[in-house]
1. I'm trying to understand the selection: among the residues of the range 125-175, which are among the hydrophobic types (A, V, I, L, M, F, W, C) and free of Cβ contacts under 8 Å to residues at least 40 places away in the same chain?
2. Can we say H170 is under 21 Å from V196 (Cα atoms), in the same structural domain as A68 (by TED's automatic domain parsing) and assigned to a helix (DSSP H, G or I)?
3. Pull up the range 92-137, narrow it to residues that are assigned to a strand (DSSP E or B) and over 13 Å from the mean Cα position of the chain (by Cα), then point me to the one that is farthest from S156 (Cα to Cα).
4. Say we look at the range 54-72 and pick out the residues that are out of contact with any strand residue (DSSP E or B) (no Cβ under 8 Å at 6 or more places or on another chain) and surrounded by fewer than 20 Cβ atoms within 10 Å (Cβ to Cβ); which of these is farthest from W95 (Cα to Cα)?
5. I'd like to know if the range 155-167 contains one or more residues that are in a loop (DSSP other than H, G, I, E, B) and buried (at least 18 other Cβ atoms within 10 Å of the Cβ).
6. Could you list, in sequence order, the residues of the range 138-177 that are aromatic (F, W, Y) and within 14 Å of the chain's Cα centre (by Cα)?
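The values are calculated or read from the model by the stated rules, or taken from the named source; none is laboratory data. This structure is a prediction, so every number in the text was calculated from the model and none was measured. FYI the Cβ positions are ideal-geometry reconstructions off the backbone, even for glycines, and counts take in every protein chain you see.
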Amino acid sequence: MRSTTFTALATMAVSLSMGLIGVTAAPIVEDDIQTLSARSCANASLARVIYQGYSSTSACHVMNFLYAFVHDSTILGPVSTGARWSLQGATFKAWATQQASTLPLYRLGTSTGSDYIFELGTVDPMTQVPSPPTVTGFNNNIGLTAWVYGSATCDSVALLSAAHTTMSDHFYTTDADEHAGLIANGWTDAGVVAYVLPL
């Protein structure tokens, strides 16, 4: 049986190279490309809103799903009694669980809790286990915040970061004008952190 299969494959290869077997290909149309692209996109209907919060005691911003801020406020009480975050509004949409073509967005913080940054982690291609990034001066044990894109794809927009070095604060937005306004007021452009779905 093995030699029969080999003989059949060899005969087919020779026939193909001599032009005895015709091979045709259908033209690729735009709809096919869009369908293929859609298969590699995360399901947008599963994306949830990420909010930004501000701590006046630490003078820093963080981002998370609303439930995380609600839980923190319930456990710690009102801001005046020690709760860390006042909501500053919805920022973008992302996923709570891993989706097609997404990467983990981690929150990293200083040991004193005076500043937090958000950075992309990696996913092991064999095990699909996410790993946090390493950034000098920041602990990476705070946790995974959401799943986002690592490049501009699937109708995503850039998540921009601006840093206020004097106050040790980082702010995040998808609004280029808002980002430019911070830069004009002395903040430093901290670049594109990730790509996310707009509100």
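1. M126, V129, V135, F138, I142, A158, L160, A162, A163
2. On the way: under 21 Å from V196 (Cα atoms): yes; in the same structural domain as A68 (by TED's automatic domain parsing): yes; assigned to a helix (DSSP H, G or I): no.
Spelling it out, it is not the case that H170 is under 21 Å from V196 (Cα atoms), in the same structural domain as A68 (by TED's automatic domain parsing) and assigned to a helix (DSSP H, G or I).
3. Restricting to residues being assigned to a strand (DSSP E or B) and over 13 Å from the mean Cα position of the chain (by Cα), the top hit is G109.
4. This residue is T57.
5. Checked against the condition, which is being in a loop (DSSP other than H, G, I, E, B) and buried (at least 18 other Cβ atoms within 10 Å of the Cβ), the range 155-167 yields at least one hit.
6. W147, Y149, Y172
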